[in-house]
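*Asks:* I'd like to ask some things about the structure below.
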Amino acid sequence: MRKERTFNFTKNLKIFAIISCAIFVVGIVVNLIFGLELDINFKGGTIFTYSYTGDIDVNAVEQTIEETIEQDVSVSQSTDITGDSTNLVVSLASSQSLSTEMQENIGNALNEKFPDNALERLSYNSVNPTIGSRFFAKSLYAVGLAALLVIIYIGLRFRKIGGVSAGISALIALIHDCIIVYFVYVIFGIPLDDNFVAVVLTILGYSLNATIVIFDRIRENRRIYGQNITLNEMVNKSVSQTLGRTIVTSLVTFVAIFTVFIVAYLRGLESIISFALPMSIGVISGCYSSVCLASPLWVLWQNRKAKRAADKADKPKKPKAVKSK
């Protein structure tokens, strides 16, 4: 009979923790040096779109607008999913909207500088940062509520293996994934926008599902093996038994989303890039945290709990003092 191969996940918890901490350190350093770029929805400002024909130099367009209004702007190309048309998206971070005269000056300057490109303004939107900030705050409340429900759900479902410890271990893994996603925005210089919340909530779902599968197998193996194997052996066996399923599920998801990222990158679809790239890396992080962090942390908790109980049992009891008559 073929012997089941298992990897000692619990023994290597320190190595896994060092890997995560190293990524965190890199993210913190980059954050301190370069800072976090916020999307215009959180900073406030103006977004206007131009259609054009032929080839155009985006940097030259950006320079022309900056010279006209004497403010910093960001210009990017946006291509629709069919690839039939490409537009210029001009973003200006400012607490005040542009006057009608200033808008006309920009249009005149662009047509004068690029007469062969038939530039035509399609839309003009003034963005209030308050709306974006309120949405972001409410989204964080939703994430916090989801985390609380995770602890309650896992605590109730896995009562037989220490529900609270399992819930907190899963929560630590989820927090790890949220931090990784945040650092993806920081390291790659992606503006933090509404997609951040969507990515976080999606990753929480993937990561939590993988963690629950592992804990469910731990509970089943505990019923089968009982005290015949140690807690570490049981967890390593459980993780190894579910490892193939977890990796395949994560890999299929990663390939699909990363393909979307490649297409969006080639098409210049910034709004999709800001979702697909963090999501791709977040899927890998979710697989890693479920396999390498959640269950080993649970074992660490259970072993320390058992050690405290053993120390308390071995501690000699003080004899009761005899009252004198």
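The values are calculated or read from the model by the stated rules, or taken from the named source; none is laboratory data. This structure is a prediction, so every number in the text was calculated from the model and none was measured. Every residue, glycine as well, gets a Cβ built from its backbone with ideal geometry; the counts of neighbours run over all protein chains shown.
*Asks:* Given the conditions (1) modelled with pLDDT under 90; (2) of a type outside the set (D, E, K, R); (3) buried (at least 17 other Cβ atoms within 10 Å of the Cβ); (4) under 29 Å from PHE158 (Cα atoms), report the number of the one that GLN227 does not fulfil.
*Replies:* The one condition GLN227 does not meet is (3).
*Asks:* Further question on the same structure: I'd like to know if segment 217-239 contains one or more residues that are assigned to a helix (DSSP H, G or I), of a type in the set (A, V, I, L, M, F, W, C), closer than 29 Å to VAL25 by Cα and assigned by TED's automatic domain parsing to the domain that holds ILE272. Walk me through it before giving the result.
*Replies:* Restricting attention to segment 217-239, the residues satisfying the condition of being assigned to a helix (DSSP H, G or I) are 217-225, 231-239.
Filter again for of a type in the set (A, V, I, L, M, F, W, C), leaving 218, 224, 231, 234-235, 239.
Keeping just the survivors that are closer than 29 Å to VAL25 by Cα gives 239.
Okay, now just the ones that are also assigned by TED's automatic domain parsing to the domain that holds ILE272, so 239.
Yes, segment 217-239 has at least one match.
*Asks:* Pull up segment 148-160, narrow it to residues that are touching a residue at least 40 places away in the same chain (Cβ under 8 Å) and not aromatic (Phe, Trp, Tyr), then point me to the one that is surrounded by the most Cβ atoms within 10 Å (Cβ to Cβ).
*Replies:* To start, the set of residues in segment 148-160 that are touching a residue at least 40 places away in the same chain (Cβ under 8 Å) comprises 150, 154, 157-158, 160.
Adding the requirement that they be not aromatic (Phe, Trp, Tyr) leaves 150, 154, 157, 160.
Numbers: VAL150: 20, ILE154: 25, ARG157: 16, LYS160: 11.
Restricting to residues being touching a residue at least 40 places away in the same chain (Cβ under 8 Å) and not aromatic (Phe, Trp, Tyr), the top hit is ILE154.
*Asks:* Scanning for something outside the structural domain of MET279 (by TED's automatic domain parsing) and buried (at least 16 other Cβ atoms within 10 Å of the Cβ), does segment 135-142 turn up at least one residue? Before the answer, list the steps.
*Replies:* The first filter runs over segment 135-142 and keeps only residues outside the structural domain of MET279 (by TED's automatic domain parsing), leaving none.
No: segment 135-142 contains no residue that is outside the structural domain of MET279 (by TED's automatic domain parsing) and buried (at least 16 other Cβ atoms within 10 Å of the Cβ).
*Asks:* Hey, another quick one. Pull up segment 187-212, narrow it to residues that are surrounded by fewer than 21 Cβ atoms within 10 Å (Cβ to Cβ) and β-branched (Val, Ile, Thr), then point me to the one that is nearest to VAL150 (Cα to Cα).
*Replies:* Looking at residues that are surrounded by fewer than 21 Cβ atoms within 10 Å (Cβ to Cβ) and β-branched (Val, Ile, Thr), I get ILE212.
*Asks:* Still on this structure: If I filter segment 241-262 for residues that are touching a Phe, Trp or Tyr at 6+ places or on another chain (Cβ under 6 Å), at pLDDT below 95 and in a helix (DSSP H, G or I), do I get at least one hit?
*Replies:* Within segment 241-262, not a single residue is touching a Phe, Trp or Tyr at 6+ places or on another chain (Cβ under 6 Å), at pLDDT below 95 and in a helix (DSSP H, G or I).
*Asks:* Mind checking which residues of segment 261-290 are within 17 Å of the chain's Cα centre (by Cα) and either on the phi > 0 side of the Ramachandran plot or of a type in the set (Val, Ile, Thr) (or both)? Full working, then the answer.
*Replies:* Here is the first cut: in segment 261-290, the ones within 17 Å of the chain's Cα centre (by Cα) are 261, 271-290.
Hits for segment 261-290 are ILE272, ILE273, ILE281, VAL283, ILE284.
*Asks:* Also, quick follow-up: If a residue has to be among the hydrophobic types (A, V, I, L, M, F, W, C) and buried (at least 22 other Cβ atoms within 10 Å of the Cβ) to count, how many in segment 262-276 make the cut?
*Replies:* 2
*Asks:* Considering only segment 238-263, how many residues are under 29 Å from ILE218 (Cβ atoms) and of a type in the set (Phe, Trp, Tyr)?
*Replies:* 1
*Asks:* Ok, one more. Can you tell me which residue among LEU92, LEU174 is part of a strand (DSSP E or B), crowded, with 19+ Cβ neighbours inside 10 Å and within 29 Å of the chain's Cα centre (by Cα)?
*Replies:* LEU92
*Asks:* Quick one: what pairs do we get from segment 161-175, first residue closer than 13 Å to ALA146 by Cβ, second of a type in the set (Ser, Thr, Tyr), C-beta under 8 Å, 6+ apart or different chains?
*Replies:* What qualifies is GLY167/TYR153; ALA170/THR211; LEU174/SER207; LEU174/SER289.
*Asks:* Could you tell me which numbered condition GLY44 fails, if it satisfies all but one of (1) buried (at least 16 other Cβ atoms within 10 Å of the Cβ); (2) over 20 Å from the mean Cα position of the chain (by Cα); (3) modelled with pLDDT of 85 or more; (4) of a type outside the set (Val, Ile, Thr)?
*Replies:* Tallying (1) buried (at least 16 other Cβ atoms within 10 Å of the Cβ); (2) over 20 Å from the mean Cα position of the chain (by Cα); (3) modelled with pLDDT of 85 or more; (4) of a type outside the set (Val, Ile, Thr), GLY44 fails exactly one: (3).
*Asks:* Moving on. Considering only segment 192-215, I want to know if a residue exists there that is outside any helix (DSSP H, G or I) and out of contact with any Phe, Trp or Tyr (no Cβ under 6 Å at 6 or more places or on another chain).
*Replies:* Pass one, segment 192-215, residues outside any helix (DSSP H, G or I): 192-194.
Within this subset, residues satisfying the condition of being out of contact with any Phe, Trp or Tyr (no Cβ under 6 Å at 6 or more places or on another chain) are 193-194.
For segment 192-215, residues outside any helix (DSSP H, G or I) and out of contact with any Phe, Trp or Tyr (no Cβ under 6 Å at 6 or more places or on another chain): present.
*Asks:* Filtering segment 20-41 down to residues that are out of contact with any strand residue (DSSP E or B) (no Cβ under 8 Å at 6 or more places or on another chain), surrounded by 12 or more Cβ atoms within 10 Å (Cβ to Cβ) and not polar (S, T, N, Q), which residue is nearest to GLU120 (Cα to Cα)?
*Replies:* Restricting attention to segment 20-41, the residues satisfying the condition of being out of contact with any strand residue (DSSP E or B) (no Cβ under 8 Å at 6 or more places or on another chain) are 20-35.
If we keep only those that are surrounded by 12 or more Cβ atoms within 10 Å (Cβ to Cβ) as well, we get 20, 23-24, 26-31.
Checking which are not polar (S, T, N, Q) leaves us with 23-24, 26-30.
Values: ILE23: 45, PHE24: 45, VAL26: 43, GLY27: 41, ILE28: 42, VAL29: 42, VAL30: 39 Å.
In this case the residue turns out to be VAL30.
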